[in-house]
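> My questions will all concern the structure given below.
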Amino acid sequence: MRQIDISQVAKLPTLYGIFNIQAFKEADKEHLAIYTENLSDNPIVRVHSECLTGDALGSKKCDCGEQLIYAQQLIAKEGGMIIYHRQEGRNIGLVGKVNAYALQDKGLDTVEANHQLGFKADERTYEIVEYILNYFGLTKIQLLTNNPTKIESLTNIDITRRVPIVMDANPYNRAYLQVKKEQMGHLL
Ligand SMILES: [Zn+2]
């Protein structure tokens, strides 16, 4: 792991609760840990992959924005941490993602579109996530996810429980969620 620059801790009041926030810079990517004051030794953790279109623009092509709000609400109440993992578009970046969306407009599904662009269905890596969990001394967590790959990818962390995060489908993301379930093994 390369040199990681770590910010001070600051308060972040949000629409959904009050958190602490700390930034971690890894090469050209900056990630966030957003966490509550009462962090247990086996907290609920959401590893949220950056999705600018879903998180900031309210895109209905995926369920990311709704999942992020749900995670903030749940963790504000129960205690825990969100790691905001800056690997946009399953780590194909915004140019890759918008190109994939253009192919989806022509009828390809999310996996086919990634493959046509020369990417794997999922290009994410999780070393920085383990680094951040280690930094907070967290060796066991309850992971808020539907994605078994995330559980398998955190090889050095004891996942004591999976907490589901299932959102209602809408007409624009129904097919996408179906592909996530049938081709990417998500537990929906
Ligand atoms: Zn998304």
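> Select from the range 83-95 the residues that are surrounded by 19 or more Cβ atoms within 10 Å (Cβ to Cβ) and modelled with pLDDT under 95 and list them in ascending order.
Those that are surrounded by 19 or more Cβ atoms within 10 Å (Cβ to Cβ) and modelled with pLDDT under 95: 87, 88, 89, 90, 91, 92.
> Same structure, new question: Determine, yes or no, whether residue 104 is among the polar types (S, T, N, Q), within 16 Å of the ligand (Cβ to nearest atom), in a helix (DSSP H, G or I) and within 12 Å of the chain's Cα centre (by Cα).
Taking the combined requirement at face value, the residue does not satisfy it.
> Take residue 150 and decide whether it is touching a residue at least 40 places away in the same chain (Cβ under 8 Å), surrounded by 13 or more Cβ atoms within 10 Å (Cβ to Cβ), of a type in the set (Lys, Arg) and in a helix (DSSP H, G or I).
Yes.
Here is a yes/no grid of residues against (1) on the phi < 0 side of the Ramachandran plot; (2) free of Cβ contacts under 8 Å to residues at least 40 places away in the same chain; (3) open to solvent by 30 Å² or more (accessible area, probe 1.4 Å):
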{"residue": "44", "(1), (2), (3)": "yes, no, no"}
{"residue": "47", "(1), (2), (3)": "yes, no, no"}
{"residue": "50", "(1), (2), (3)": "yes, yes, no"}
{"residue": "55", "(1), (2), (3)": "yes, yes, yes"}
{"residue": "62", "(1), (2), (3)": "yes, no, no"}
{"residue": "65", "(1), (2), (3)": "yes, yes, no"}
{"residue": "69", "(1), (2), (3)": "yes, no, yes"}
{"residue": "76", "(1), (2), (3)": "yes, no, yes"}
{"residue": "81", "(1), (2), (3)": "yes, no, no"}
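> Any idea which of (1) over 22 Å from residue 167 (Cβ atoms); (2) exposed (fewer than 14 other Cβ atoms within 10 Å of the Cβ) is the one residue 25 doesn't satisfy?
Checking residue 25 against (1) over 22 Å from residue 167 (Cβ atoms); (2) exposed (fewer than 14 other Cβ atoms within 10 Å of the Cβ), the one that fails is (2).
> A further question follows. So, residue 113, is that one at pLDDT 95 or above, in a helix (DSSP H, G or I) and aliphatic (A, V, I, L, M) or not?
Answer is no for this residue.
> Here's something else I'd like to know. Every residue in the range 48-62 that is under 11 Å from the mean Cα position of the chain (by Cα) and more than 17 Å from residue 177 (Cα to Cα), please.
If the condition is that a residue be under 11 Å from the mean Cα position of the chain (by Cα) and more than 17 Å from residue 177 (Cα to Cα), then 50 is the only one that fits.
The values are calculated or read from the model by the stated rules, or taken from the named source; none is laboratory data. Computed from a predicted structure; not experimentally measured. Here Cβ is always computed from backbone atoms with ideal geometry, including for glycine, and neighbour counts include all displayed protein chains. Note: areas computed on protein heavy atoms with side chains; ligands, DNA, RNA excluded. Shrake-Rupley method; radii C 1.70, N 1.55, O 1.52, S 1.80 Å.
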